[in-house]
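Just so it is clear, none of the values below were taken in a lab; they were calculated from the coordinates. Every value quoted in this text rests on a predicted model; they were computed, and no experiment measured them. Neighbour counts are summed over all protein chains in view; Cβ atoms, including those assigned to glycine, are modelled from backbone coordinates with ideal geometry.
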Amino acid sequence: MLIDPKNFPGRAAYQLLASAVIPRPVGLISSISATGAVNLAPFSFFNAVCGEPPMVLFCPTNRSPAKDTLRNVQETGEFVANIVGQEMAQQMNLTSGDYPPDVNEFEIAGLTAVPSQIVAPPCVQESPVSMECKLHQVIQVSAKPHGGTIVIGEVVMFHIRDSVLNQDMLVDSAKLNPVMRLGGASYGIMTGSYDMIRPVVK
Ligand SMILES: Cc1cc2nc3c(=O)[nH]c(=O)nc-3n(C[C@H](O)[C@H](O)[C@H](O)COP(=O)(O)O)c2cc1C
């Protein structure tokens with residue numbers, strides 16, 4: 001079947017896209033408003049985007065007023081991207097409610113805020129990996145109702161739980177056991193992995 005997105009507008013195209021581009025990691029983004037209100041929310045339009053310097057991105061969809069996370073990051077230029085392990089999936093989901101800006105989602109979800117080294121927003125203690133970020137760039141991709149914005153942050157400090165690191169100082173995927181966002185209300189669980197060596201072209 002061919003689907004022209006022009007005939008499949010609004011939320012329908014978003015839902016199709018979100019069911020096809022899978023699995024997606026979830027960045028649980030902590031931020032602080034200019035007045036000091038702590039915020040925590042999950043974003044699955046989230047990924048690594050650059051190696052040197054290391055950068056990550058996440059994409060708040062449009063809302064009026066803007067989502068708290070986007071507003072906070074634009075006000076302060078800082079956020080922490082926390083990776084979501086399976087053992088904290090329910091707590092992550094609790095943070096996604098449309099709470100007013102003064103509600104601290106750490107408290108709603110029973111997650112623990114621990115001070116960061118460099119930025120003001122706290123890390124999530126329960127996350128196996130947290131990345132302190134300074135804002136690099138904000139790009140509004142589309143102003144349409146289901147459009148959104150790319151927020152790119154430079155990672156200025158990694159926090160990696162010792163127990164998820166392997167001997168090569170890399171994160172072991174099985175130990176990380178990340179939540180994987182699928183379409184609709186579905187999530188995936190990592191059940192295995194394999195290695196594949198890339199061809200060397202001389
Ligand atoms: C697993 C998961 C992934 C989500 N991914 C996104 C996303 O990529 N972009 C987005 O705008 N909202 C996403 N949401 C919804 C936001 O978390 C939700 O709108 C939240 O209330 C935003 O909070 P804030 O206003 O405090 O920033 C997601 C929700 C869940 C549960």
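So who's got an amide H within less than 5 Å of the one on Met55, skipping anything under 5 residues away but keeping other chains? H placed 1.01 Å off N, in plane.
Close amide H contacts, sequence-distant or interchain: Val49, Cys50, Val155.
So what is the relative contact order for the chain, in percent, with contacts set as C-alpha pairs under 8 Å and at least six apart?
On the way: 409 pairs, mean separation 48.6, N = 202.
The normalised contact order for the chain reaches 24 percent.
On average, how much area does the Cα convex hull of the chain cover when viewed from any direction, in nm²? Display every interim value, and only then the final one.
Values: hull surface 56.1 nm².
Over all viewing directions, the chain projects a mean Cα-hull area of 14.0 nm².
For Val84, what is the net charge nearby, where nearby means another residue's Cβ is under 15 Å from its Cβ and Lys, Arg count +1, Asp, Glu -1? Mind showing how you got there, number by number?
Details: positive: Arg24, Arg161, Lys175, Arg181; negative: Glu87, Glu105, Glu126.
Overall, the nearby charge balance is +1.
Could you give me the ³J(HN,Hα) list for segment 8-15, computed from phi with Karplus coefficients 6.51, -1.76, 1.60 and θ = phi - 60°, whole Hz, x at Gly and Pro?
Along segment 8-15, the couplings run 9, x, x, 5, 4, 5, 4, 5 Hz.
Per-residue ellipticity at 222 nm for the chain, helices alone: DSSP H runs ≥ 4 residues times -39500 (n - 2.57), over residue total, nearest 500 deg cm²/dmol? Walk me through the intermediate numbers first.
Values: 5 runs with 35 residues, N = 202.
My calculation for the chain gives -4500 deg cm²/dmol from helical runs alone.
Per-residue HN-Hα couplings for segment 172-178, Karplus 6.51 cos²θ - 1.76 cosθ + 1.60 at θ = phi - 60°, whole Hz, x for Gly and Pro?
7, 4, 5, 6, 5, 6, x
Local charge sum around His136 (other residues, Cβ-Cβ under 14 Å, Lys/Arg +1, Asp/Glu -1)?
It works out to a net charge of -3.
Just report the Cα centroid separation between segment 4-32 and segment 95-136, whole Å.
Here the two parts' Cα centres lie 23 Å apart.
Under a 5 Å amide H to amide H cut-off, with H placed in plane at 1.01 Å, what residues pair with Ser116 once short-range neighbours are removed?
For Ser116, whose amide H was placed from the backbone, the distant partners under 5 Å are Cys123.
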